[in-house]
Each structure stands twice: as C-alpha cells, then as structure tokens.
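Quick notes on the structure that follows.
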Amino acid sequence: MNRSFDKYDEVICVSDSSKESYIKLYHGGKANREIRVLYNALDLSSIALRAEEPVDLELSLGINFITVIRLSYEKT
C-alpha cells in the first residue's frame with residue numbers, strides 16, 4: 001500500500017469519521033502518530049458577509065442560474 005501520507009509533517013482530517021477511515025485504510029486500524037481533526041475549516045461568517053456584497057454580472061436574456069454548492073457523498 002502507498003504510504004505517502006507518512007511523509008507529511010502532519011495529517012489533519014475534517015471529521016472524526018474521516019479520521020477513523022484514514023486510520024483504518026492506511027494504518028490497519030491503529031494510528032502510529034497523532035492525527036488531528038479540524039472542524040468547520042471554512043470561515044462561514046466571512047462567507048456570509050461576502051454574500052451580502054453586490055455582484056456585477058452581465059446576464060444573458062432568458063433564464064440564468066448561479067449555483068454554489070459542495071457535493072460530498074458522506075454528507076448525504
């Protein structure tokens with residue numbers, strides 16, 4: 001198995017379940033070093049503030065869709 005993650009100074013996961021999956025997949029269920037979890041890595045307040053800023057878009061005639069999403073299998 002490719003152990004390239006072992007070459008990094010630190011491994012940070014975004015959730016406890018992703019940490020558990022990482023340890024199971026790459027370390028046979030037992031971590032050989034500390035693996036941290038960083039929750040809510042996105043600055044949601046900054047995103048909310050920027051959402052209030054005016055946007056200057058040149059839209060075409062007809063129907064225009066602007067979509068911002070993050071599709072993620074584990075979130076379903």
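Readers should treat all values here as calculations from the given coordinates under stated rules, not as data from a laboratory. Remember, it's a predicted structure, so these values are computed and weren't measured experimentally. Virtual Cβ from ideal backbone geometry, glycine too; neighbours counted across all protein chains shown.
How far apart, in nm, are two points set 7 Å out from the Cα along the Cα-to-Cβ line at D9 and at L25?
Result: 2.4 nm between the two label points.
Could you order peptides 42-53, 27-38 by the average number of other Cβ atoms within 10 Å of their residues, highest first?
Values: 42-53: 8.7, 27-38: 10.8.
Packing order, densest peptide first, comes out as 27-38, 42-53.
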